[in-house]
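Here's the structure we're looking at; comments come further down.
The values are calculated or read from the model by the stated rules, or taken from the named source; none is laboratory data. What you are looking at is a predicted structure, and each value in this text was computed from that prediction instead of being measured. We place every Cβ from the backbone using ideal geometry, glycine too, and count neighbours over all the protein chains shown.
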Amino acid sequence: MWPFSSKGASGFSSSSTAEQVTQGIDGTGLTAIVTGASSGIGVETTRVLALRGVHVIMGVRNMLAAKDVKETILKEIPSAKVDAMELDLSSMESVKKFASEFKSSGLPLNILINNAGIMACPFNLSKDKIELQFATNHLGHFLLTSLLLDTMKKTSHETKKEGRVVNVSSEAHRFAYSEGIIFDKINDESSYNNWRAYGQSKLANILHANELTRRFKEDQVDITANSLHPGTIVTNLFRYNSAVNGLINVVGKFMLKNAQQGAATTCYVALHPQVKGISGQYFSDSNVAKTTSQGTDTDLAKKLWDFSMNLTK
């Protein structure tokens, strides 16, 4: 990544790393869930939160990979508190099982980082017969958040500490379908475009955080919800497009973020005191950024909420 990126109002830029944006922050006593924590920026997010004293629960499909991540982190940070629980966001049954097991553990929950995702895959349906990108990137996280909200509210009330929901979205939300979310054609293979479907799911992440914000304010709870673009990063997200994947591997180190920079905005929004009380915002490069007009459409957010509630019942 270019080393001379300009700093924004936060004092950070696109080249800032997760360690830099959390320097001096003590997360001791906080508990966070990070989905998709066994690969890509999820690993670095987990490592840096653990470095700052946060107890991190990794929600992962691949428990073997999670074991390796945990062991690597513990070698570097012997005092780290890191645990892994199985979670497949494309399966509502798996999401419900994860939430149930987490709640029965009696652990508090201060921070929920909805990070896991798949990108631009060929048309496929989830175990619940829903288009796979929408199911994994949005719906699984929507259900997970809904099931854990009572725990977050209880934690916030008892500890007098602000809870934070962090949705990892993408600038790809700008390339969603023209109507934003194609509610009546979510599962229509003939309407499917892999990149627009990805954009749709990332727009849904933004709208979800915005509608959560509205509801938190209505309920007067001390929890915030924000979304963010981590940057374009060299990760395995590009695995479904061999041409793009090849190009990324060649030019990536010059033009794209590495995992340390890619996890920065997530860690910033999850931990930094500058973000206290800020909700319903979209962040990029550890600064508040602008979305498309669809990303701030309150009616679209409400419609998506109702649509998601019906699908997850």
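Listed here are the residues, each with its yes/no results for (1) touching a helix residue (DSSP H, G or I) at 6+ places or on another chain (Cβ under 7 Å); (2) farther than 27 Å from Asp184 by Cβ; (3) hydroxyl-bearing (Ser, Thr, Tyr).
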| residue | (1), (2), (3) |
| --- | --- |
| Leu112 | yes, yes, no |
| Ser126 | yes, no, yes |
| Leu132 | no, no, no |
| Asn137 | yes, no, no |
| Leu144 | yes, no, no |
| Met152 | no, yes, no |
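Among the residues of region 136-148 satisfying the criterion of being touching a strand residue (DSSP E or B) at 6+ places or on another chain (Cβ under 8 Å) and under 14 Å from Ala209 (Cβ atoms), which is surrounded by the fewest Cβ atoms within 10 Å (Cβ to Cβ)? It comes out as Thr145. Scanning for something at pLDDT 95 or above, more than 15 Å from the chain's Cα centre (by Cα) and within 26 Å of Gln274 (Cβ to Cβ), does region 81-91 turn up at least one residue? Checked against the condition, which is being at pLDDT 95 or above, more than 15 Å from the chain's Cα centre (by Cα) and within 26 Å of Gln274 (Cβ to Cβ), region 81-91 yields at least one hit. In region 138-182, the residue that is farthest from the chain's Cα centre (by Cα) out of those that are part of a helix (DSSP H, G or I) and among the small types (Gly, Ala, Ser) is Ser156.
Scanning region 160-181 for residues that are touching a helix residue (DSSP H, G or I) at 6+ places or on another chain (Cβ under 7 Å) and farther than 24 Å from Ala225 by Cα yields a single hit, Tyr177.
Does region 63-78 contain at least one residue that is outside any helix (DSSP H, G or I) and within 22 Å of Thr155 (Cβ to Cβ)? Within region 63-78 (the criterion being outside any helix (DSSP H, G or I) and within 22 Å of Thr155 (Cβ to Cβ)), the answer is no, since none of the residues qualifies.
Of all residues in region 261-313, those satisfying the criterion of being outside any helix (DSSP H, G or I) and of a type in the set (Asp, Glu) are Asp285, Asp297. Identify all residues within region 279-313 that are on the phi > 0 side of the Ramachandran plot and free of Cβ contacts under 8 Å to residues at least 60 places away in the same chain; write none if there are none. Result: no residue meets the conditions.
Restricting attention to region 254-313, the residues that are of a type in the set (D, E, K, R) and surrounded by 23 or more Cβ atoms within 10 Å (Cβ to Cβ) total 2. Scanning region 104-117 for residues that are among the aliphatic types (A, V, I, L, M), crowded, with 20+ Cβ neighbours inside 10 Å and not in a strand (DSSP E or B) yields Leu109, Ala116. Going residue by residue through region 166-178, is there one that turns out to be farther than 24 Å from Tyr268 by Cβ, out of contact with any Phe, Trp or Tyr (no Cβ under 9 Å at 6 or more places or on another chain) and either buried (at least 17 other Cβ atoms within 10 Å of the Cβ) or not basic (Lys, Arg) (or both)? Yes, the conditions are met somewhere in region 166-178.
Tell me which residues, restricted to region 16-43, are among the polar types (S, T, N, Q) and either assigned to a helix (DSSP H, G or I) or touching a strand residue (DSSP E or B) at 6+ places or on another chain (Cβ under 8 Å) (or both). Once the filter is applied, which keeps residues that are among the polar types (S, T, N, Q) and either assigned to a helix (DSSP H, G or I) or touching a strand residue (DSSP E or B) at 6+ places or on another chain (Cβ under 8 Å) (or both), region 16-43 yields Gln20, Thr31, Thr35, Ser38. Filtered by the rule that a residue be under 21 Å from Asn258 (Cβ atoms), in contact (Cβ under 8 Å) with a residue 60 or more places away in the chain and among the polar types (S, T, N, Q), region 6-34 gives Ser10, Ser13, Ser14, Ser15, Ser16, Thr17, Gln20, Thr22. Among the residues of region 190-202, is there at least one that is of a type in the set (Ser, Thr, Tyr), in contact with a strand residue (DSSP E or B) (Cβ under 7 Å, 6 or more places away or on another chain) and in a helix (DSSP H, G or I)? Looking for residues that are of a type in the set (Ser, Thr, Tyr), in contact with a strand residue (DSSP E or B) (Cβ under 7 Å, 6 or more places away or on another chain) and in a helix (DSSP H, G or I), one finds none in region 190-202, hence no.
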